[in-house]
Amino acid sequence: MFGLRRNSFREREGRRARWDSFVEEALPHQADLYRMARWLLRDPVTAEDLVQETMLAALHSYHRFEKGTNCRAWLITIMYHTLSKIRRSESRMKIVSDSEERIAETIAYEPPTPENITEQEVLEALERLPEPFQEVVVLSDVEDLTYKEIADALSIPMGTVMSRLHRGRKLLRAELAAYANSLGIGQETKAGKTALRVASSQEGGK
Amino acid sequence: MKVQCRDFRELADSYLSDELLVETNHDVLRHLEACADCRRELAARRELRAKLRKGFQEAPQLQMREGFAGESASSLRDVALSRPPLFPMSPTRYVAAAAVLLLVIALGFSVVQIIWRGANQPTSSNPLLASLNQDAAGVHRDCALNHSPDEKPVSLAEAGRNHDRAFTNLVNAVMTEASLPAGVELVEGHSCVVKGQRFGHVILKYHGQVVSVLVTGLQQSNVRPEEVIASAQAEGFQLAHFETAGHAVFVVSGLKDSENMLLARAIAPSVSRQIKRAALQSRVLKRG
C-alpha cells in the first residue's frame, strides 16, 4: 500500500515536472502558432481550434521533444500535421496546381526590389501569392525555420522547399514591383508589367 | 567563381538566410564590394524581409484575442496534471475491440479444431482404421516389446509365399531402399498374427526406442486417401499410418510424433513401391 502511494506520488511529481518544462519550452510559442494558424485558415475560431489541438498533441508527445532543439519548429511541424489531418478529413487538401507553378515560372525577369512600401502592403502582396508559396516564405522569412525544418513541417522534400522558396520570394518581389509601378513609385519595368499581368490574371481567376 | 549581377540576384536570398556555402558566400561578398547596384538590391531585400516579418508579427488581424493564451494554458494544465484515464477510449471502441477479439479467438479455435480433426480423423471418424490402429499398437506392444505374439512368428519370406506377397521384400524396402535418418538399426523382420490379423513386421531401433513398421492387408480398402500419412495415438504409442494398394502401413513407437512421422515419411515411398509391385505380381500370377 505504501509502495502504491509512493508510486502515485512519483507519478504526480513526474507530471508536474513535465508540465513545468512544457510551460517553459512550448507555451511561449503559442502566439507565433496562432499567427501562422490565422494566416493559413483566415478564420479566428478555427485558428484557435488548430492551436489548441496542436498544443494538446505537443503535450501528449512532449517526451519526444529533444531539449535544446528548435521547439517552435517542432510545434509548427505538429501544427501542419494536425492541419493536414483536418484537411484530409474535410477532403479539401491543397495541392500546388500546375497553373500555380506556371504562374511562378512566368516571372522570367528579376525585378529590382521596390523600396518605400509599407509592411501592410508587403502582407497584402504575400496574401496574393498561391498558398504553397506563402507557406514557405512565412516559415522561412518570418518564422526563421531552416529548409530542413520546413521540409519536415510540410512533409515535402527539401528540394521542393528550396524551389518554392525561390519562386515565392521572386513572385513576392514581382507583386510588389507591380504594385509600386501601378502607384507610379519607381520605374516601370518589363518585369513589373509581367507581374502586373500575373497579379491581374490571378485576381480575374478568383 | 566570379559572381555577376545576374548571379547575385539568384543568390541574394540564400545569402540573407545564411544558407550559402562558405566559398559562395565569399564570392558574393567580393561582388558586393565592387557593385553598388547589388548592395542596394541586397539592402532592399533585407528591408523587405524585415517588413514582412514585422508586418506579419504585428498585423492586428493575426494577433491572438485577449484571454485565449490563458484559457488554452489552463485547459492544457488540467490535461497535463490530471491522472491519465483508466479507460482512455470511448466505451463503443472497447465493445468493438472486445467483439474483434472474440471473433479472432473463435476463428483461431475453429482453425485449431479443423487441424486437430484433420490429424486425428481416422481415429475419431473411421471405426475400421481406429480398430486397426489399436491392433497395430497391440502388435507393437505384444510382439516387439513383450515378445509374446498370439502365434509363433514366421519369416517374411514364408509369409510372402503363403499369405501376402507384399511381405516378401519388406526388410529390404525399409532398410535398403528407404532414405532413413542416421542411427536407425534393424532388429528383426517377421510376420506375426494378433487378434486374427496378419502383419508383416519389421522391428527397428531409433534413438534408443523400439520402432515397429507394420504392413497388413485390408479387407475394405480406401479407409483414407491413398499415400496420405496421418498420425494418431493408441495405447500410449505414437502411430503414423498410410494406405497403399489395399494395404495399411503403420509406424508405431514410443518416439515423439515428429520423429515417428519422420520415419514414416522416409519408408513410405519404398514400402509403397514394394506393396504395389507385389500386388501387380499377384494379379499377373492369378491371370497366368
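Annotation: the residues B:147, B:247, A:81, sorted from fewest to most other C-beta atoms within 10 Å of their own C-beta, follow the order B:147, A:81, B:247.
Please say if the stretch B:127-287 is rounded, prolate or oblate, where rounded means a/c under 1.5 for a ≥ b ≥ c the square roots of the C-alpha gyration tensor eigenvalues, and otherwise the choice is prolate for a/b larger than b/c and oblate otherwise? Cα axes put the stretch B:127-287 in the rounded bin.
Dividing the mean sequence gap of close Cα pairs (under 8 Å, 6+ apart) by how many residues chain B holds gives a relative contact order of 13 percent. In this Cβ point-charge picture (+1 for Lys and Arg, -1 for Asp and Glu), chain B has a dipole of about 600 debye about its Cα centre. Sorting B:51, B:152 from the fewest to the most surrounding beta carbons within 10 angstrom yields B:152, B:51. Using a Gaussian network model of chain B in which every pair of alpha carbons under 10 angstrom is joined by a spring, one finds that among B:28, B:154, B:194 the greatest mean-square fluctuation is at B:28. GNM remark for chain B: springs join alpha carbons under 10 Å apart, and the peak mean-square fluctuation among B:211, B:271, B:104 falls on B:104. Straight-distance candidates among the aspartates and glutamates for linking to residue B:2, with alpha-carbon spacing under 12 Å and chain neighbours fewer than 8 residues away dropped: B:23, B:27.
Structural size metrics of chain B, computed from C-alpha coordinates, are Rg and Dmax of 43.2, 122 Å.
In loop segments of the stretch A:42-92 as defined by DSSP, the GluC sites (Glu not before Pro) with at most 14 further C-beta atoms inside 10 Å of their C-beta are A:66, A:90. Close amide H contacts of residue B:218 (hydrogens built in the peptide plane, cut-off under 5 Å, sequence separation of 5 or more or a different chain): B:247, B:248. For chain B, what are the DSSP H helices with axial Cα length of 30 Å or more and mean Kyte-Doolittle hydropathy of at least -0.5? Span-like helices here: B:91-125, B:257-287.
Residue pairs exceeding 22 angstrom between C-alpha atoms, taken from A:170/B:54; A:85/A:170; A:148/B:51; B:152/B:256; A:85/B:51: A:85/A:170; A:148/B:51; B:152/B:256; A:85/B:51. Round to the nearest 0.05 the FRET efficiency obtained for residue B:79 and residue A:42 when R0 = 25 Å and r is the Cβ-Cβ distance. Rounded to the nearest 0.05, the efficiency is 0.35.
Fewest-first ordering of B:40, A:164 by other beta carbons within 10 Å of each residue's beta carbon gives B:40, A:164. Dividing the summed helix terms, -39500 (n - 2.57) for each DSSP H run of n ≥ 4, by the number of residues in chain B produces a 222 nm estimate of -17500 deg cm²/dmol to the nearest 500. The alpha carbon gyration tensor of the stretch B:5-61 gives principal lengths a ≥ b ≥ c with a/c of 1.5 or higher and a/b greater than b/c, which makes the shape prolate. Scanning residues 5 or more positions from residue B:244 or on other chains, those with amide H under 5 Å from its amide H are B:249, with H placed 1.01 Å from N in the peptide plane.
A short reminder: the numbers here are calculations on the coordinates, not readings from a lab. Fair warning: this is a prediction, and the values are worked out from it, not measured in the lab. Don't worry about glycine lacking a Cβ; one is built from the backbone with ideal geometry, like all the others, and counts go over all protein chains shown.
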